[in-house]
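Notes to accompany the following structure.
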Amino acid sequence: ACAGLSEEGGDAAARAIMTTDTVPKTSQLEVEIGGATVRVGGMCKGSGMIHPNMATMLAYITTDAAVEPGLMAALVKSIADRSFNQVTVDGDSSTNDTFLVLANGAAGNEPVRAGSVQAEQLEKALLEVARELARSIAKDGEGATRLISVRVEGAMSDAEARAAARTVASSSLVKTAVHGGDPNWGRIVCALGYSGAELALDRLHLSVGGLVVFERGAGVEVDLAAVRRAFEQPEIEIVARLGLAGGSAEAWGCDLSEEYVRINADYTT
């Protein structure tokens, strides 16, 4: 394995960790930090048994930024909570997961210190790569035909917004409604209600695929043909504005299809 190491080996590594994934998953960007060009890149795998707390997922993000000791350890949990811990495919999780962030200092910048503007810039770059990787896992979920993006705004806190968004994205009834093109706002409101986040129905504003389906405590008449056209797109966005405070978050999932059942009914370990 050591003899096979190569600077061009990233794509091969991304393929080597795949299991039921249909495509390798990578993301990368460059950012200026402290007068130096810093690179951030990552790869991950995951398709089934994916649910908050990461589950059967492997993710590796590397950067050539120079950082002070302990900074990455301080950032990694917060980044995971806003990316990989907001992904759900099927509600099942596993003890077999890894998320590593590695920095080697090759960019030659002054070491990034906690609490600095440079630390904020680096965290933003790491989070952007992690979120893109997280989305790619949801998009490539077992049997998935559509990516479900759930955005919650106006929650009492970011933590409550994360819980509400995760719950909607992981609801089997919401996932099957998306698969069937059914704008069933009741399933979404129900999931928001049992998520544990504070909810006031008279303040809730809900849209599916850009079309308002619920506001001021009641459902809204909607053009079902327009909804079906929206549901034919590769990504369906659900936006819930709770109208309570400033908490916000996103979560990502996928529809639940007959193919998911087939894959896991036929799959034997």
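In this structure, is ARG203 open to solvent by 20 Å² or more (accessible area, probe 1.4 Å), without any contact (Cβ under 8 Å) to a residue 60 or more places away in the chain and out of contact with any strand residue (DSSP E or B) (no Cβ under 8 Å at 6 or more places or on another chain)?
Details: open to solvent by 20 Å² or more (accessible area, probe 1.4 Å): yes; without any contact (Cβ under 8 Å) to a residue 60 or more places away in the chain: yes; out of contact with any strand residue (DSSP E or B) (no Cβ under 8 Å at 6 or more places or on another chain): no.
Judged against the criteria, ARG203 is not a match.
You will find that of LEU126, LEU75, LEU100, the residue that is outside any helix (DSSP H, G or I) and either modelled with pLDDT under 95 or not polar (S, T, N, Q) (or both) is LEU100 and no other.
Among the residues of the range 80-127, those identified as surrounded by fewer than 17 Cβ atoms within 10 Å (Cβ to Cβ) and aliphatic (A, V, I, L, M) are LEU100, LEU102, ALA106, ALA114, VAL117.
Say whether the condition of being in contact (Cβ under 8 Å) with a residue 60 or more places away in the chain, part of a loop (DSSP other than H, G, I, E, B) and under 20 Å from HIS51 (Cα atoms) is met by at least one residue in the range 237-255. Yes, that holds for at least one residue. Identification of helices (runs of 4 or more DSSP H) wholly contained in the range 146-215 with 1 or more residues that are modelled with pLDDT under 95 yields 172-180, 185-194.
Among the residues of the range 54-79, those that are in contact with an Asp or Glu (Cβ under 8 Å, 6 or more places away or on another chain) and either of a type outside the set (Ser, Thr, Tyr) or crowded, with 24+ Cβ neighbours inside 10 Å (or both) comprise MET54, ALA55, MET57, LEU58, ALA66, LEU75, ILE79.
Looking at the range 1-40, which of its residues are hydroxyl-bearing (Ser, Thr, Tyr) and either open to solvent by 100 Å² or more (accessible area, probe 1.4 Å) or at pLDDT 95 or above (or both)?
Let us first name the residues in the range 1-40 that are hydroxyl-bearing (Ser, Thr, Tyr), namely 6, 19-20, 22, 26-27, 37.
Matches in the range 1-40: THR22, THR26, SER27, THR37.
Of all residues in the range 48-83, those satisfying the criterion of being in contact (Cβ under 8 Å) with a residue 60 or more places away in the chain and among the charged types (D, E, K, R) are ASP81, ARG82.
The values are calculated or read from the model by the stated rules, or taken from the named source; none is laboratory data. All of these numbers come straight from a predicted model, not from anything done at the bench. FYI the Cβ positions are ideal-geometry reconstructions off the backbone, even for glycines, and counts take in every protein chain you see. Quick note on the areas: whole protein, heavy atoms, side chains included, nothing else; ligands and nucleic acids left out. Shrake-Rupley method; radii C 1.70, N 1.55, O 1.52, S 1.80 Å.
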